[in-house]
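Trainee: Quick one: the structure is below, and I'll ask about it shortly.
The values are calculated or read from the model by the stated rules, or taken from the named source; none is laboratory data. Just so it is clear, the structure is predicted and the values come from calculations on it, not from any experiment. So basically every Cβ, Gly included, is an ideal-geometry build from the backbone, and we count neighbours across all protein chains shown.
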Amino acid sequence: MRIDLATAPGNRERPNEDWVSASAPASGGGVLVVLDGVTPPAGEDGCVHGVPWFTARLGGRLTELSGSRRDMRLDRILAEAVRTTAEAHRESCDLSHVRTPQATVVVVRWDEAYVEHLVLSDSVLLLQAPGGEVTAVLDDRLDRVPREVLRSVAATDALRNAEGGFFTAAADPAVAARAVTGRTPRGRVRAVAALTDGASRWTDTFGEGDWAACLEVLRKEGAEGLIARVRAVESGPAHPSALRYKRHDDASAVYAEL
């Protein structure tokens, strides 16, 4: 088994709000967890702790439960992780705030029989079959929101964790039911990768290669290599497909050959 991961801040003067972890216990199997914290406008989120604190708490709890509670489905694990993270700051923070700290989520867990996955919001999961075919597992609800709507903070807030909008892991455990989940027989998966949108933009924003090419970069150059490629495109002339607010975003990737 080979596992490779990397994360890089979009701005070295600001803390990285991503979280990435991998666990491969001696008993077999493994777990990958990738979170992309949502940056609130002007720091307005009703929380005294901030997004990096939230993603570290939620990511740590997801990693722990995914490894120790093999009897729990990943959606139940996400619900429990959201609940306990919320309880850790309910007394000090306004968890009813629409921009209370929140994050996108990818969790992958495998054992000898199956590879399980969970995706919530716009981080990306890639599954590679033994023959090399690559499947992207996506939660595309944010992509369905018109671009002009996302330019308005108020309009975006109205769709955040709301029917007809998009969902992230925040303070309500019920959001776990909105996640894209599934499982695949272990023998049908050769490798997996999880990317925050700061890394997946190499494919889905800049069009530098399809998902299979993205996975090949991870295999040959590692997670740091993919992030370096993203930074090179970002630092060049303005890209016509770069329809994002940030020229550079926090970028994280993890790749595992099973």
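Trainee: Any residue at all in the stretch 75-87 that's in contact with a Ser or Thr (Cβ under 7 Å, 6 or more places away or on another chain) and on the phi < 0 side of the Ramachandran plot?
Mentor: yes
Trainee: Considering only residues of the stretch 32-49 that are small (G, A, S) and part of a helix (DSSP H, G or I), which is surrounded by the most Cβ atoms within 10 Å (Cβ to Cβ)?
Mentor: Across the stretch 32-49, the extreme among qualifying residues is G43.
Trainee: Taking the condition under 30 Å from R83 (Cα atoms) and either at pLDDT 95 or above or hydrophobic (A, V, I, L, M, F, W, C) (or both), does G182 pass?
Mentor: Taking the combined requirement at face value, the residue satisfies it.
Trainee: Please specify each residue of the stretch 99-142 satisfying the condition of being small (G, A, S), in contact with a strand residue (DSSP E or B) (Cβ under 9 Å, 6 or more places away or on another chain) and farther than 12 Å from L195 by Cβ.
Mentor: Residues satisfying the conditions are A103, A113, S121, A129.
Trainee: Look at the stretch 154-176 and say how many of its residues are closer than 17 Å to T85 by Cβ and of a type outside the set (D, E, K, R).
Mentor: Total meeting the criteria: 10.
Trainee: Here is a further query. Could you count how many residues in the stretch 205-229 are assigned to a helix (DSSP H, G or I) and either hydroxyl-bearing (S, T, Y) or out of contact with any Ser or Thr (no Cβ under 9 Å at 6 or more places or on another chain) (or both)?
Mentor: Residues in the stretch 205-229 being assigned to a helix (DSSP H, G or I) and either hydroxyl-bearing (S, T, Y) or out of contact with any Ser or Thr (no Cβ under 9 Å at 6 or more places or on another chain) (or both): 14 in total.
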